[in-house]
Amino acid sequence: MRDVSAWREQFPILKRKVHGKPLVYLDNAATTQKPQSVLQVERHYYEHLNANIHRGVHALSQEATDAFEGARDKVRQFLNAKHTEEIIFTRGATEAINLVAQSWGRSEVRAGDEILVSEMEHHANIVPWQMLCEATGATLKVIPIDERGGLVPGAVESLMGERTRLVAITQVSNALGTVNPLGDIIRLARAAGALVLVDGAQAVAHMPVDVTALDCDFYVFSGHKLYGPTGIGVLYGKRALLNKMPPWQGGGDMIAEVTFRKTTYNQLPYKFEAGTPHIAGAIGLGAAVDFVRSVGLEKIAEHEDHLLQQATRLAAQMEGMRLVGTMPGKASILSFVLEGVHPHDIGTILDSEGVAIRTGHHCAMPVMDHYCLPATARASFAMYNTTDEVEVLFEALHRVKEMFLI
Amino acid sequence: MSDLRDLYQEVIFDHNRHPRNFGALANANRHAQGFNRLCGDRLTLHLKVQDGIIQDVRFEGSGCAISTASASLMTEALKGKTEAEANALFEGFHHMVTEGGETSVNLGKLAVLAGVSEFPARVKCATLAWHTMNAALHDHQDPVSTE
Ligand SMILES: Cc1ncc(COP(=O)(O)O)c(C=O)c1O
C-alpha cells in the first residue's frame, strides 16, 4: 500500500504557501525537496562531528571520516557496485561526466576516434564530449531520436563502429521522460569494444539501479535529484578502469607522497577526490539513500506512474495541449506545449496558483530543435506528489486557457 | 505577488494576438537580433533610420505574450522618433520595468507593461525588444542576449 500522506509528512517545505496558495511542487526533475532525515543528519554533522576527514588523529576527525566513508558504502549498496572504492564523490552528475571526459578521455582518445551520444542528452552529457573531441580530434556522433522521443530503432547499431570508444547515454531523458534500452546499448557497445557511460541523473530517484547487472563502465548521478543535498554527486566506475585513469585534479587527499621531484598518487577512490570534499553533503546523500531504500523504489515508481497516467489522461482531454515525449514506459515527466500560449506565460500563471513547473529548453536545446520548439512546459512528479495536485495542475492550465481565450 | 491581471492586461493580450508592425521591412537600414537564453525566444528587428529619425520599424520572431506585446508596442512608440528620443524611451522603459514607480519620460501606452516590475522573472521578456533596438541603433553586429 502506498501511504503518500506519510511520505509527504517527511518533507517540511511541502507545508509552505506560495502566493497564498499551497505549494504544488512539480519541478522535481530540476531538483527534489529534502526529507527531515537528510536535514537532520547534515545538522547533526555540523553540531557534533564537524572536522576535516582522512587526516586528524582526534576523535571528531575519526567520527567525521567514518560518517563520510559510511555514506560511500551506502551509495555502493544503492547502486549494487562490487567495491566501495568504485564510488567517487563529485559535485554532481556534471562534474562526474567532466571527470571521465578529462581523465579517461584525454589519456585514451585519439584523433579519428568516435564518441557516441544521443540527441536527447542534457547539455552536461554533450558539452564535455565536444570539448574532448575538440582537444583530441575525435568525432562526436549523435544517435537520433524519433517523433515519440525514443532512439531511432537500429540507429545505435549503425552508428557503432570500430572507432567508437565510448557511448555516453542518459538512462532517462529530463526533457522527454524517455527511458532508454540500456541493456541493448551496452551489449552493442561491448561487441564493438566501446565503453559506456550512463547518465543516471534522472533515473536514480525513480527506478532501482544495479550497475553490476547493467554492466556499464561508468554511472553518474546528482544527490539533489535523489532527495539529497546539492553540491554532491557520484561517479561510479569499474575498478580496473578507474585504476588506469590518471588523476584529473591535483591537491590534498589525492596524493600518497609529494616531493618537488615526484609525486605519487593515492589509491582509489581518493585519487579522484582532491581537496576537502563536501563532507556534510556526502553524509546527507547517505541519508537520502537510506530514505529512498526504506520507502522502496518499486513503490515510488508505481506511485509516480499512477500520477503520470492520470496526468496523461487529463492532457488528452485538454484541447490544444500536446505532449512532447510520448514513449511507452516513460518516467514521470510530462513535457508539453499549449497551442497559442508560450511556455513562459504558462509558468507565470501556474506560479500564481502555487504550482511550480519548469519552462524552457531544459538544458536540452537539441531536443527543442528536433521538435522545432523554443521551449516546453514540464511537470515532473516525485514520491510526495498526489492525485489532488495533478488536479490542481490541470485546473491551473484551464485558467491559462481562459486568460488567453483559447 | 501582485495580481496576475496587473501583468496580463487586455492591451497585452491584444498585441500578443495581433502584433503590430510584424514582418520584414523592405529598405530597412538597421537590423539586430535578440535572444533570450532563458526561454529561447528570438527576435529580429528592422529599422529604417533617415536623418536621425526612425521612419519605420518592424519585427519578426516568436516569443511569450510579454515579449511579443512589448515588441509590438515598442514599434508603435518608435515611429517618427529621433534616435535621441528612442534612447530616452529605452531608459525610461527600462526604469519602469526594473525599478517600478515614476519615470521622468512620458511612456504613453508603454505604461501597460508597468506590472512587469512586480514579476522579476519576466523583466527579460519585456526588455528583449528594447535591448535589440538599442543594438540596432548602435550598429552592434552580434546578437544581443538579455543575460
Ligand atoms: C539527464 C541529466 N543529466 C545531467 C544533469 C546535470 O545534473 P547536475 O546539474 O546536478 O550536475 C541533469 C540535471 O538537470 C539531468 O537532468
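In the stretch A:329-379, how many residues are in contact with a Gly (Cβ under 6 Å, 6 or more places away or on another chain), within 8 Å of chain B (Cβ to nearest Cβ) and of a type in the set (A, V, I, L, M, F, W, C)?
1
Kindly indicate the residue of the stretch A:393-402 that is among the charged types (D, E, K, R) and surrounded by fewer than 18 Cβ atoms within 10 Å (Cβ to Cβ) and also farthest from the other protein chains (Cβ to nearest Cβ) among those meeting that condition. Can you show your working first?
Looking only at the stretch A:393-402, we keep the residues that are among the charged types (D, E, K, R), and these are A:395, A:399, A:401-402.
Narrowing further to those that are surrounded by fewer than 18 Cβ atoms within 10 Å (Cβ to Cβ): A:395, A:399, A:402.
Working: A:Glu395: 15, A:Arg399: 9, A:Glu402: 11 Å.
Ranking the candidates gives A:Glu395 first.
Residues that are farther than 27 Å from A:Thr212 by Cβ: list the helices (runs of 4 or more DSSP H) wholly contained in the stretch A:35-130 that include at least 3 such residues.
Numbers: elements: A:36-44, A:59-79, A:93-100.
The qualifying helices (runs of 4 or more DSSP H) are A:36-44, A:59-79.
Quick check on the stretch A:152-165. Is at least one of its residues within 16 Å of the ligand (Cβ to nearest atom) and either surrounded by fewer than 21 Cβ atoms within 10 Å (Cβ to Cβ) or closer than 28 Å to A:Glu298 by Cα (or both)?
So in the stretch A:152-165, the residues within 16 Å of the ligand (Cβ to nearest atom) come out as none.
No, the conditions are met nowhere in the stretch A:152-165.
Which condition does B:His18 not pass, out of (1) open to solvent by 30 Å² or more (accessible area, probe 1.4 Å); (2) in contact with a Lys or Arg (Cβ under 9 Å, 6 or more places away or on another chain), if it passes all the others?
The single condition B:His18 does not satisfy is (2).
Can you tell me which residue in the stretch A:375-406 is farthest from A:Ile145 (Cα to Cα), limited to those that are basic (Lys, Arg) and away from the ligand (no atom under 15 Å from the Cβ)? I'd like the intermediate steps shown before the answer.
At the first step, the residues of the stretch A:375-406 found to be basic (Lys, Arg) are A:378, A:399, A:401.
Applying the additional criterion that residues be away from the ligand (no atom under 15 Å from the Cβ) yields A:399, A:401.
Numbers: A:Arg399: 33, A:Lys401: 31 Å.
Per the criteria, the residue is A:Arg399.
So, in the stretch A:189-206, how many residues would count as being of a type outside the set (A, V, I, L, M, F, W, C) and either touching a residue at least 60 places away in the same chain (Cβ under 8 Å) or closer than 28 Å to A:Val292 by Cβ (or both)?
Here the count works out to 4.
For B:Gly101, which of the numbered conditions (1) outside any helix (DSSP H, G or I); (2) open to solvent by less than 40 Å² (accessible area, probe 1.4 Å); (3) not acidic (Asp, Glu) fails to hold?
It fails just one condition, (2).
Give the stretch A:375-392 a look and list any residue that's buried (at least 16 other Cβ atoms within 10 Å of the Cβ) and farther than 25 Å from A:Glu298 by Cβ, or say none.
Taking the stretch A:375-392 first, the residues buried (at least 16 other Cβ atoms within 10 Å of the Cβ) are A:375-386, A:389-390, A:392.
Within the stretch A:375-392, A:Ala375, A:Thr376, A:Ala377, A:Val392 qualify.
Which members of the stretch A:12-22 meet the condition of being surrounded by 12 or more Cβ atoms within 10 Å (Cβ to Cβ) and either touching a Lys or Arg at 6+ places or on another chain (Cβ under 7 Å) or among the small types (Gly, Ala, Ser) (or both)?
Of everything in the stretch A:12-22, just one residue is surrounded by 12 or more Cβ atoms within 10 Å (Cβ to Cβ) and either touching a Lys or Arg at 6+ places or on another chain (Cβ under 7 Å) or among the small types (Gly, Ala, Ser) (or both), namely A:Leu14.
Of (1) over 21 Å from A:Phe272 (Cα atoms); (2) within 24 Å of the chain's Cα centre (by Cα); (3) more than 13 Å from the ligand (Cβ to nearest atom), A:Arg110 satisfies all except one. Which?
(2)
I'd like the full set of residues that are open to solvent by less than 20 Å² (accessible area, probe 1.4 Å) and of a type in the set (Phe, Trp, Tyr), limited to the stretch A:23-62.
A:Tyr45
I'd like the full set of residues that are basic (Lys, Arg), away from chain A (no Cβ under 14 Å) and not in a strand (DSSP E or B), limited to the stretch B:35-85.
Residues of the stretch B:35-85 that are basic (Lys, Arg), as a first pass: B:37, B:42, B:48, B:58, B:79, B:81.
In the following step, the residues that additionally are away from chain A (no Cβ under 14 Å) were identified as B:48, B:58, B:79, B:81.
B:Lys79, B:Lys81, listed by residue number.
Does at least one position in the stretch A:12-30 carry a residue that is hydroxyl-bearing (Ser, Thr, Tyr), assigned to a helix (DSSP H, G or I) and more than 14 Å from chain B (Cβ to nearest Cβ)? Show your work before the answer.
Filtering the stretch A:12-30 for residues hydroxyl-bearing (Ser, Thr, Tyr) gives A:25.
The next check asks that each one be assigned to a helix (DSSP H, G or I); those that pass are none.
No, every residue in the stretch A:12-30 fails to be hydroxyl-bearing (Ser, Thr, Tyr), assigned to a helix (DSSP H, G or I) and more than 14 Å from chain B (Cβ to nearest Cβ).
Would you point out the residue of the stretch A:85-98, among those that are within 15 Å of the ligand (Cβ to nearest atom), in contact with a Pro (Cβ under 9 Å, 6 or more places away or on another chain) and among the aliphatic types (A, V, I, L, M), that is farthest from the other protein chains (Cβ to nearest Cβ)?
Among residues in the stretch A:85-98 that are within 15 Å of the ligand (Cβ to nearest atom), in contact with a Pro (Cβ under 9 Å, 6 or more places away or on another chain) and among the aliphatic types (A, V, I, L, M), the one farthest from the other protein chains (Cβ to nearest Cβ) is A:Ile88.
Name, by its number, the condition in (1) surrounded by fewer than 23 Cβ atoms within 10 Å (Cβ to Cβ); (2) free of Cβ contacts under 8 Å to residues at least 60 places away in the same chain that does not hold for A:Val179.
Of (1) surrounded by fewer than 23 Cβ atoms within 10 Å (Cβ to Cβ); (2) free of Cβ contacts under 8 Å to residues at least 60 places away in the same chain, only one is false for A:Val179: (2).
When only residues in the stretch A:343-374 that are open to solvent by less than 30 Å² (accessible area, probe 1.4 Å) and within 15 Å of the ligand (Cβ to nearest atom) count, which is modelled with the highest pLDDT?
Out of the qualifying residues, it is A:Ile357.
Kindly provide the set of residues from the stretch B:113-139 that are in a helix (DSSP H, G or I) and within 11 Å of B:Ile66 (Cβ to Cβ), ordered by number. Before the answer, list the steps.
Of the residues in the stretch B:113-139, the ones in a helix (DSSP H, G or I) are B:113-118, B:120-137.
Hits for the stretch B:113-139 are B:Leu113, B:Gly115, B:Val116, B:Ala121, B:Arg122, B:Val123, B:Lys124, B:Cys125, B:Ala126, B:Thr127, B:Leu128, B:Ala129.
Looking only at the stretch B:130-140, decide whether some residue is out of contact with any strand residue (DSSP E or B) (no Cβ under 7 Å at 6 or more places or on another chain) and free of Cβ contacts under 8 Å to residues at least 40 places away in the same chain.
yes
What number of residues within the stretch A:250-281 satisfy the criterion of being surrounded by 13 or more Cβ atoms within 10 Å (Cβ to Cβ) and under 25 Å from the mean Cα position of the chain (by Cα)?
13
The values are calculated or read from the model by the stated rules, or taken from the named source; none is laboratory data. Computed from a predicted structure; not experimentally measured. So basically every Cβ, Gly included, is an ideal-geometry build from the backbone, and we count neighbours across all protein chains shown. The accessibility values were calculated without ligands, DNA or RNA, using every heavy atom of the protein model including side chains. Shrake-Rupley method; radii C 1.70, N 1.55, O 1.52, S 1.80 Å.
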